[in-house]
Amino acid sequence: MEKHASLANRKRRERVINSVCFLLVVFFSALCLLPIWWIFRSSVMSNNQLFANDVPFFPPDWLFSNYPRALQNFDFWTYLKNTMIIIVPSVIAGTVTAVLGGYAFARMRFKGKKFLFTLVIGSMFLPVMVTLIPLYIMWTNVFELNGTYWPLILPYFCGGGAFNIYLIRQFIMTIPRELDEAATIDGAGHFRILISIIMPAIKAAMIVVALLLFTQMWNDLIQQSLYIHDAKKYTIALGLSQFKGSLKQDYSAIMCATCMSFAPGIIFYLLGQKYFVEGIVLTGMKG
Amino acid sequence: MSKRSKKPRNALMRAENRTAYLCLIPSIIGLIFLTYVPLLEVFGLSFFSWKGNGFKGFTFVGLQNYVKLLTTDPYFKTSVAVTLYYTFMAVIGSMIYSLIIALLLNRKIPARGFWRAIFYLPYLLPAVAVYLGWNWLYNINYGLFNFILNRVFGLPRVGFVNDAKLVAPSLALVSVWLAGNLIVIFLAGLQNVPKTYLEAAEVDGANSWQRFWHITVPCMSPIIFYNLLMALITNLQVITPALALTKGGPGSSSRFVSYVMYQYAFESRKFGYAAAVSVMLFILIGIFTVILFATSKSWMFSQGGDD
């Protein structure tokens, strides 16, 4: 009898804790969204309203006409197109080469496997800033590719990043080997197994890798600013920096440009969200 | 008998060897030419003076770049202090924030996916746009934060990124806001904490704090370690806020080590000298990585080890 009471008690307490947690989540997400709200709210206000002394929290009237006005000087569509010219091939190449590498490490025996894997893991801890100068010299002085998109794209044809190889490997290792062995008996080679058995099973991990590669390039400014100088070739990141410099005080236009450049990442995430969290969770992230 | 069965096995292994290397060609090229060779090159270059004009004009200067960097350089020493200060706040802040959010999101709450997406959202916005936006949020007269300080709480206005004392903490706050990826990784770890341990402890009468401290934290320690290490490495090489927003200012109060390197290389075109800064950054990050690995044995719990 007493046990029942304490169980009911515990259940009730659990419910209270869950409600408190829920309220905290709502509170924190409101805080988290507040900056985005303020930026958006500023994008639909006129400069006079922005620099008025009463600083309204809600826009007095929703001036969506600021957007076409900002677009006159902020060539969003060209920048988006240029960014995609860099990102799309890089994401595809990076994901494919990471899958190939991860597959070899997860499933095959070969000479020097341990050594190579140590090199991969080691490069995860190597700060990219340290190799910035030699790589700049290589692309600029040796290959003379400065001014093109190649220095930004080609690295992704070379392995797709150590962490991504590791992630794919971990994921493939969770797939039962019996599946491959059955296919081997049926006469399938390594690549057949990869395409028909492994890749369908690691779809979630591949989407995670694609999203990680996307955000990596999406967040990049330094590399792009080192290799792209022609305004016609500007990416969103470069276009925004330059736009800010040209319109020092037109904050409503700058906030419009900022809001526009928020959009593609959000869309990409919403498309892959289901797989994304599943992928990270299933990988386990343990050695 | 054994000879006969060995032959095809060897052939099979050779074939597997070949396929493996075929799969790994891109990664090997990347590891050699984009990672380890450049690492050696940056060490080599740091002993030279080179203006970046063709492959002539390399002058061997020995340790002179390092001597100058550690003695007369006007920026380097402050940049190390500024970077450490920023990193300390950004790492502590984002670790605590993301762990709390992950713990909250790990409970049974309605529409979990939706809330998770909100916390992840900032990480998906292009960094330049984020810093442009936050620059406006930090505006002394018309920004969100002074609106909150001044209008809501009646406190005096604050300069944030325009104040030499506050610029590093203000930028660290942005990095906390951007910590969505840490939340996702913590959440993944929390979902891998064995439910049986938690239930067993509950049966034994452990309260939720005891369960958190004695089961969740030890099971999570490898993930805490991973997140801590990655957050340290990322924040110690911080450059984007300086590049996109502050240009190292006001004064030198946000002139991070990477930004000093950037300025020496790409503004003054002193590539050898900048390479020496890169090496110092490498050593700085290396020190923290080694300390973290060395101490991890004492606090990291490995499953199957001591249970």
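Any read-out appearing in this document is the output of simple, stated calculations on the displayed coordinates, not a laboratory observation. Keep in mind that this is a model prediction, so the values were computed, not measured. Reconstructed Cβ throughout: ideal geometry from the backbone, glycine too, with neighbour counts over all protein chains shown.
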* Structure fact -> Among the DSSP H helices of chain A, those whose Cα atoms extend at least 30 Å along the helix axis and whose mean Kyte-Doolittle hydropathy is -1.0 or higher are A:2-43, A:76-107, A:251-283
* To do: Output the pairs from B:77/B:297; A:244/B:165; A:244/B:68; A:233/B:247; A:113/B:51; A:114/B:195 with a Cα-Cα distance over 29 Å in this structure; if there are none, say none.
  => B:77/B:297; A:244/B:68; A:113/B:51; A:114/B:195
* Report, by chain and number, residues whose modeled amide H sits under 5 Å from the one on residue B:48, excluding near sequence neighbours (fewer than 5 apart, same chain). => B:61
* Asked: Taking springs between alpha-carbon atoms closer than 10 angstrom, which of B:240, B:35, B:72 fluctuates most in the Gaussian network model of chain B?
  -> B:35
* Cross-link reach list, aspartates and glutamates versus residue B:270, counting only Cα pairs under 16 Å and skipping chain neighbours closer than eight places -> B:41, B:73
* Structure fact -> Which of B:231, B:127, B:200 fluctuates most in a GNM of chain B (C-alpha springs under 10 Å)? That residue is B:200
* Structure fact -> The answer for chain B, counting only DSSP H helices whose Cα atoms cover 30 angstrom or more along the axis and whose Kyte-Doolittle average is 0.0 or greater, is B:76-105, B:271-299
* Asked: For segment B:61-299, what number results from the quotient of the Cα radius of gyration and 2.2 N^0.38 Å?
  -> 1.19
* **Extent along principal axes [Cα atoms of chain A; Å; largest to smallest]** => 81, 74, 34
* Give me the log10 of I(q) over I(0) for segment A:1-144 at q = 0.11, 0.14, 0.19 Å⁻¹, as the Debye formula computes it from C-alpha points; what are the numbers? -> -0.94, -0.99, -1.19
* If you wrap a convex hull around the Cα atoms of the protein assembly as shown, how much volume per residue is inside, in Å³? -> 202 Å³
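Note down the magnitude of the dipole of segment B:61-299 about its Cα centre, charges +1 on Lys and Arg C-beta and -1 on Asp and Glu C-beta and zero elsewhere, to the nearest 20 debye. Provide the component values of the computation, followed by the final result.
Working: 16 positive and 6 negative charges, 60 e Å.
That gives a dipole near 280 debye.
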* **Centroid-to-centroid separation of segment B:236-301 and segment B:166-213 [C-alpha atoms, Å]** => 29 Å
* Please say if segment A:153-283 is rounded, prolate or oblate, where rounded means a/c under 1.5 for a ≥ b ≥ c the square roots of the C-alpha gyration tensor eigenvalues, and otherwise the choice is prolate for a/b larger than b/c and oblate otherwise? => prolate
* Among B:116, B:269, B:107: highest mean-square fluctuation, GNM of chain B, C-alpha pairs under 10 Å -> B:107
* Give the distance, in whole Å, between the Cα centre of segment A:174-240 and the Cα centre of segment B:23-50. => 23 Å
* Structure fact -> Checked segment A:2-43 against the a/c 1.5 cut and the a/b vs b/c comparison, axes a ≥ b ≥ c from its Cα gyration tensor; verdict prolate
